[in-house]
Amino acid sequence: DKANYRHFMAKEICEQPDVVGRTLAHYVDMRTERVALPIKLPFDFSNVRRVTITACGTASYAGAIAKYWFERLAHIPVDVDIASEFRYREAPLRKGDLALFISQSGETADTLAALRYAKERGAHTVSVVNVPTSTIARESETVLPTLAGPEIGVASTKAFTCQLMALAALAVAAGTERGEISVSEERKLVSALIEVPRLMGAALASEPQIEKLARYVAKARDVLYLGRGTSYPLALEGALKLKEISYIHAEGYAAGELKHGPIALIDENMPVVVIAPFDGVFEKTVSNMQEVVARGGKIILITDAKGAAESAIEPVATVLLPDMAPTFAPIVYSVPIQLLAYHAAVIMGTDVDQPRNLAKSVTVE
Ligand code: M6R
């Protein structure tokens with residue numbers, strides 16, 4: 001039931017501090033501040049040479065964010081692919097490789113086919129799924145659950161951030177097992193994860209401001225989302241969310257790709273949503289923002305206090321999020337991205353929870 005919310009999507013966005021916290025508690029020991037996976041993995045990360053992550057839609061963007069984590073924290077090379085491509089590409093997989101699948105429903109036809117392909121080739125299969133009784137959960141060697149609870153809105157919100165939480169814990173576990181991070185670094189990372197639910201709660205407080213910004217976005221024909229590092233897949237997710245529920249055309253790009261093409265689109269009618277926590281690539285994103293402003297583009301900047309102070313541009317609006325460890329910022333930055341799409345859709349008068357042409361679970365290819 002929708003409780004007092006107008007749409008399931010609004011309810012599911014607001015539930016995130018709770019359900020992400022619940023997922024966190026399933027993956028870490030709050031007392032020792034160390035990762036404690038709910039199940040023993042049938043392999044040692046020290047022996048894993050390569051990880052392939054396969055999923056569709058929003059789940060694939062969770063995988064694309066996790067790639068940065070696995071590579072940075074555990075130094076394991078990661079390939080991320082959408083399942084409809086992976087399953088037909090004849091991707092070479094070797095015995096002992098780790099094939100990771102991500103799915104809210106656990107019933108997505110292409111993801112299931114990719115899982116079966118990986119199993120046939122002797123890879124270890126691990127699935128991050130929200131529906132524990134699903135086919136993907138049943139057929140995987142190891143299941144890592146997300147504890148988002150039933151997600152009713154077609155647009156995935158809480159399942160996505162719970163996937164990120166489970167994947168973050170897994171990447172930290174991989175880093176520790178491979179000796180790439182020390183126990184004290186592990187504790188630091190886990191304590192940053194423990195902060196996430198509270199920070200998501202604080203991010204929800206941006207809703208009144210985002211609602212106003214949505215009025216501006218809803219007037220646009222096209223919207224561009226930009227980010228670097230882990231904010232890049234989040235830019236793709238922001239664009240997907242806006243398209244699927246408001247029917248406004250949107251594109252997500254790596255900010256560094258701007259001058260390789262999409263900059264030609266920029267004019268004074270084009271809102272550009274820039275996702276930029278003050279992290280190691282922030283300054284690089286600033287130069288991309290300057291390129292946008294120089295061409296009359298209108299920037300909505302989602303950042304923190306430091307980022308706002310250092311941005312050296314005049315955005316049309318700045319959405320300020322609390323300071324946090326940048327590694328796990330995408331989990332928190334998802335919140336304003338979801339709210340923006342939600343309010344734009346409400347203004348457009350679309351069927352937010354059941355957008356046209358879409359099904360919650362895509363069980364045919
Ligand atoms: O159930 P799954 O996570 O496997 O679904 C994957 C995609 O179909 C899904 O994330 C889709 O992209 C959502 N509608 C996005 O909001």
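The values are calculated or read from the model by the stated rules, or taken from the named source; none is laboratory data. It should be emphasised that the depicted structure is a prediction, and the values quoted were computed from it without experimental measurement. For neighbour counting, all protein chains shown are included, and Cβ atoms are generated from backbone atoms with ideal geometry for every residue, glycine included. Ligands, DNA and RNA are stripped out before the accessible areas are found, and what is left, the full protein with its side chains, is counted by its heavy atoms. Shrake-Rupley method; radii C 1.70, N 1.55, O 1.52, S 1.80 Å.
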I'd like the full set of residues that are in a helix (DSSP H, G or I) and of a type outside the set (Phe, Trp, Tyr), limited to the stretch 338-362. Gln338, Leu339, Leu340, Ala341, His343, Ala344, Ala345, Val346, Ile347, Met348
Within the stretch 137-190, residues surrounded by fewer than 24 Cβ atoms within 10 Å (Cβ to Cβ), assigned to a helix (DSSP H, G or I) and within 12 Å of the ligand (Cβ to nearest atom) come out as Ala137
Name the single residue, out of those in the stretch 82-102 being among the aromatic types (Phe, Trp, Tyr) and more than 9 Å from the ligand (Cβ to nearest atom), that is nearest to the chain's Cα centre (by Cα). Phe86
It is to be established whether one or more residues within the stretch 103-125 are under 15 Å from Gly63 (Cα atoms), more than 12 Å from the ligand (Cβ to nearest atom), open to solvent by less than 10 Å² (accessible area, probe 1.4 Å) and of a type in the set (A, V, I, L, M). no
Out of (1) β-branched (Val, Ile, Thr); (2) near the ligand (Cβ under 10 Å from one of its atoms); (3) buried (at least 24 other Cβ atoms within 10 Å of the Cβ), what's the single condition that is false for Val131? (3)
In this structure, does Ile76 turn out to be more than 15 Å from the ligand (Cβ to nearest atom), closer than 30 Å to Asp279 by Cα and hydrophobic (A, V, I, L, M, F, W, C)? yes
Output the residues belonging to the stretch 77-89 that are surrounded by 22 or more Cβ atoms within 10 Å (Cβ to Cβ) and assigned to a loop (DSSP other than H, G, I, E, B). Arg87
Some residue of the stretch 328-338 being in contact with an Asp or Glu (Cβ under 8 Å, 6 or more places away or on another chain), in contact (Cβ under 8 Å) with a residue 24 or more places away in the chain and hydroxyl-bearing (Ser, Thr, Tyr): yes
Does any residue of the stretch 44-59 turn out to be away from the ligand (no atom under 11 Å from the Cβ), part of a loop (DSSP other than H, G, I, E, B), without any contact (Cβ under 8 Å) to a residue 24 or more places away in the chain and surrounded by fewer than 24 Cβ atoms within 10 Å (Cβ to Cβ)? no
Can you tell me which residues in the stretch 144-192 are over 21 Å from Ile337 (Cα atoms) and of a type in the set (D, E, K, R)? Glu177, Arg178, Glu180, Glu185, Glu186, Arg187, Lys188
Can you pull out every residue in the stretch 284-298 that is among the hydrophobic types (A, V, I, L, M, F, W, C) and buried (at least 22 other Cβ atoms within 10 Å of the Cβ)? Met289, Val292
Could you list, in sequence order, the residues of the stretch 90-104 that are outside any strand (DSSP E or B) and touching a strand residue (DSSP E or B) at 6+ places or on another chain (Cβ under 8 Å)? Ala91, Leu93, Gly96, Asp97, Gln104
Please enumerate the residues belonging to the stretch 299-337 that are in a helix (DSSP H, G or I), of a type in the set (A, V, I, L, M, F, W, C) and open to solvent by less than 10 Å² (accessible area, probe 1.4 Å). Phe328, Ala329, Ile331, Val332, Val335, Ile337
Residue list for the stretch 217-238, filter: over 14 Å from the mean Cα position of the chain (by Cα), open to solvent by 70 Å² or more (accessible area, probe 1.4 Å) and touching a residue at least 24 places away in the same chain (Cβ under 8 Å): Arg221
Could you please give the count of residues in the stretch 239-263 that are touching a residue at least 12 places away in the same chain (Cβ under 8 Å) and either under 14 Å from the mean Cα position of the chain (by Cα) or open to solvent by 40 Å² or more (accessible area, probe 1.4 Å) (or both)? 9
